[in-house]
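Structure, as structure tokens:
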Amino acid sequence: MKRKQLIIIGTGLSACQLAYNLLNDYDVIMLSKGDKQTGNTVKAQGGIACVMGQHDHLDSHIHDTLMAGSFLNDVAQVEKLIKNAPNVMQSLIQSGFIFDQVVGQFILGKEGAHQHRRILHAGGDQTGKRLTCHYHQLLQDKVTIIEQTTAVDLLKQEGRCVGVRTVNHSLERQDYFADAVVLATGGYAGIFQHHSNDPLMTGDGIAIGYRAGAAVKDLEFIQFHPTLAIGHQQRFLISEAVRGEGARLVNGRGEYIMADHPLKDLAPRDVVSQVLYTRNQQGEATYLDIRSVKGFQRRFPQITDLLHENSIDIKQGLIPVQPGAHFTMGGLAVNEQHETTVPHLYAIGEVAATGVHGANRLASNSLLEALVFGKDLADVLRNKPPMSPGTYVPEDLPMKVQPLDMSIEALKQANETYLGVVRSQTALKQFEKELRALPITTRGAIDHPTKTLERYTSENMLLVSQLVLQAALNRKESIGAHKLTNKEKQAVRQ
Ligand code: SIN
């Protein structure tokens with residue numbers, strides 16, 4: 001009997017977890033825009049939040065998640081995530097994954113807005129790298145991974161998603177058809193000038209899903225991480241776990257910046273980011289002082305390497321930092337079965353808006369989301385009947401290709417200015433006028449024989465920027481990661 005076919009667009013943790021749990025049920029094809037290791041999973045320095053300690057409790061993890069999300073979270077999704085976490089972690093360990101331990105006990109890290117030490121990690125700050133290697137080994141020769149292939153348009157038949165059109169680096173087109181199509185393409189922090197993500201995280205899944213008719217949700221909620229190190233060539237993440245081990249934020253005079261907050265340096269990310277952003281805007285440099293972190297190089301080997309590569313002196317102990325886009329809470333709206341509003345099109349991981357993170361995500365809940373919801377979607381798809389083949393009628397392609405009139409660099413800069421850490425409704429309206437003048441395709445296919453890969457990415461980034469802007473304009477109150485200027489906050493209250 002012919003086996004069911006599954007296409008997963010993406011090769012990060014949620015994609016891998018889904019594929020691994022469906023090996024007996026589907027022939028799986030995974031598509032990667034870069035190579036199979038490209039993406040955010042491999043860069044993840046934090047770890048996985050999970051209740052494992054004797055003094056911790058599921059209710060406490062649920063409470064911290066809701067608190068970080070300003071209680072805009074979908075409570076049922078939060079409970080599903082956190083209550084399933086310990087079992088999913090046990091399965092991961094049984095599959096051979098090793099978390100850092102000392103004398104048989106897990107070493108549990110602490111990050112912002114967690115009441116307890118509950119972050120499992122591997123290789124210190126290399127959890128993402130180790131998870132990537134682990135899953136790619138588990139999947140080796142069991143799934144088909146097609147690299148350097150960009151998904152351009154979703155293919156629909158009688159309203160349901162039946163496949164995807166792709167373009168490779170030689171600009172050759174290929175259509176793939178399947179019983180189910182899953183978007184696991186990651187988030188959209190890459191639409192900003194300064195971010196911690198892989199540069200390929202440009203919201204492509206949201207753009208192709210939206211053009212195919214899928215609804216979006218919560219796009220205004222973008223988490224800015226307080227500590228991106230300012231290197232010569234690049235910005236890069238300094239994990240919050242470093243502050244969890246005692247590092248402190250200071251200004252150029254060595255004054256302690258977070259002294260007045262009850263949670264000090266481990267206050268929620270949006271709070272710390274706003275404090276640093278305001279100081280940076282006033283011309284004050286901000287630093288992470290790591291001198292009190294014991295055994296820094298042993299605990300944070302990946303960050304140590306990044307600091308060396310960027311000629312930042314660890315012995316001196318002061319890392320110049322600024323906030324930058326890190327995680328995006330919004331995405332394609334999905335139901336509890338992870339299905340978008342387009343039948344047979346599913347979304348998991350950062351591209352999906354399940355409501356689990358509310359207005360801001362709790363630290364180290366995202367690798368957890370990938371593992372728990374990746375398995376959950378596998379349980380959903382396992383029992384789906386095969387889809388009867390029909391006749392696919394290709395959509396008419398757009399005839400003309402208009403110039404976009406805005407470079408990617410200019411767009412990233414504009415997003416940083418208008419959609420950054422602190423926003424102003426008045427300025428957002430100005431940005432709306434600028435974007436309105438551009439030819440942005442919001443519905444239907446964009447494939448065209450004359451287009452380059454860069455062009456597809458630019459179109460996706462423009463569409464996602466426009467959708468984020470619209471969501472930010474619609475959200476009138478300052479909440480969670482959507483922060484309005486103090487003046488506008490007051491105006492809303494009056
Ligand atoms: C970090 O290590 O600070 C990032 C972890 C996360 O975003 O969950």
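Meeting the requirement of 2 or more residues that are of a type in the set (Ser, Thr, Tyr), the strands (runs of 3 or more DSSP E) wholly within region 136-226 are 149-157.
Number of residues in region 283-322 that are part of a loop (DSSP other than H, G, I, E, B), of a type outside the set (Val, Ile, Thr) and under 21 Å from Lys264 (Cβ atoms): the value is 7. Residues Ala325, Ala359, Ala363: which one is within 16 Å of the ligand (Cβ to nearest atom), open to solvent by less than 10 Å² (accessible area, probe 1.4 Å) and modelled with pLDDT under 95? Checking each option against the conditions leaves just Ala363.
Checking Gly128, Gly124 one by one, the residue that is within 16 Å of the ligand (Cβ to nearest atom), under 23 Å from the mean Cα position of the chain (by Cα), touching a residue at least 12 places away in the same chain (Cβ under 8 Å) and over 21 Å from Ala15 (Cα atoms) is Gly124 and no other. In region 181-200 there is at least one residue that is at positive phi and within 16 Å of the ligand (Cβ to nearest atom). Every condition in (1) more than 26 Å from Arg243 (Cα to Cα); (2) surrounded by 23 or more Cβ atoms within 10 Å (Cβ to Cβ) holds for Gly34 except the one numbered (2).
Could you list, in sequence order, all residues of region 328-341 that are among the hydrophobic types (A, V, I, L, M, F, W, C) and not in a loop (DSSP other than H, G, I, E, B)? Within region 328-341, Leu332, Ala333 qualify.
Here is a yes/no grid of residues against (1) of a type in the set (Val, Ile, Thr); (2) open to solvent by less than 10 Å² (accessible area, probe 1.4 Å); (3) under 25 Å from Glu339 (Cβ atoms):
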position	(1), (2), (3)
Ile146	yes, no, yes
Val162	yes, yes, yes
Tyr176	no, no, yes
Thr202	yes, yes, yes
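Apart from one condition, Gln223 fits all of (1) surrounded by fewer than 24 Cβ atoms within 10 Å (Cβ to Cβ); (2) within 15 Å of the ligand (Cβ to nearest atom); the exception is (1).
Say we look at region 408-423 and pick out the residues that are under 18 Å from Asn474 (Cβ atoms) and part of a helix (DSSP H, G or I); which of these is farthest from the chain's Cα centre (by Cα)? Going through the qualifying residues, I end up with Tyr418. For Glu369, state whether it is surrounded by 19 or more Cβ atoms within 10 Å (Cβ to Cβ), of a type in the set (D, E, K, R), within 16 Å of the ligand (Cβ to nearest atom) and closer than 20 Å to Asp218 by Cβ. So Glu369 fits the description; yes.
Restricting to region 1-32, and then to whatever is of a type outside the set (A, V, I, L, M, F, W, C) and over 17 Å from Ile348 (Cα atoms), can you tell me which residue is modelled with the lowest pLDDT? My answer is Lys2. Name every residue in region 128-163 that is touching a strand residue (DSSP E or B) at 6+ places or on another chain (Cβ under 7 Å) and over 17 Å from Met30 (Cα atoms), in order of residue number. The answer is Lys156, and nothing else. Within region 237-265, the set of residues being surrounded by 19 or more Cβ atoms within 10 Å (Cβ to Cβ) and in a helix (DSSP H, G or I) comprises Glu240, Ala241, Val242, Arg243, Gly244, Asp265.
With respect to the stated conditions, Lys400 fails to be among the basic types (Lys, Arg), open to solvent by 60 Å² or more (accessible area, probe 1.4 Å) and within 22 Å of the chain's Cα centre (by Cα).
Within region 96-117, identify whether any single residue is open to solvent by 10 Å² or more (accessible area, probe 1.4 Å), within 11 Å of Gly47 (Cβ to Cβ) and more than 16 Å from the ligand (Cβ to nearest atom), and answer yes or no. So far as region 96-117 goes, yes, one or more of its residues are open to solvent by 10 Å² or more (accessible area, probe 1.4 Å), within 11 Å of Gly47 (Cβ to Cβ) and more than 16 Å from the ligand (Cβ to nearest atom).
Set side by side, the residues Ala325, Ala363, Ala378 differ, and just one is small (Gly, Ala, Ser) and part of a helix (DSSP H, G or I), which is Ala378.
Can you report the number of residues in region 19-65 which are in contact with a Ser or Thr (Cβ under 7 Å, 6 or more places away or on another chain) and within 16 Å of the ligand (Cβ to nearest atom)? Residues meeting the conditions: 9.
The values are calculated or read from the model by the stated rules, or taken from the named source; none is laboratory data. All values reported here derive from a predicted model rather than from experimental measurement. Don't worry about glycine lacking a Cβ; one is built from the backbone with ideal geometry, like all the others, and counts go over all protein chains shown. When the accessible area is computed, the model is the full protein with side chains, heavy atoms only, and any ligands, DNA or RNA have been set aside. Shrake-Rupley method; radii C 1.70, N 1.55, O 1.52, S 1.80 Å.
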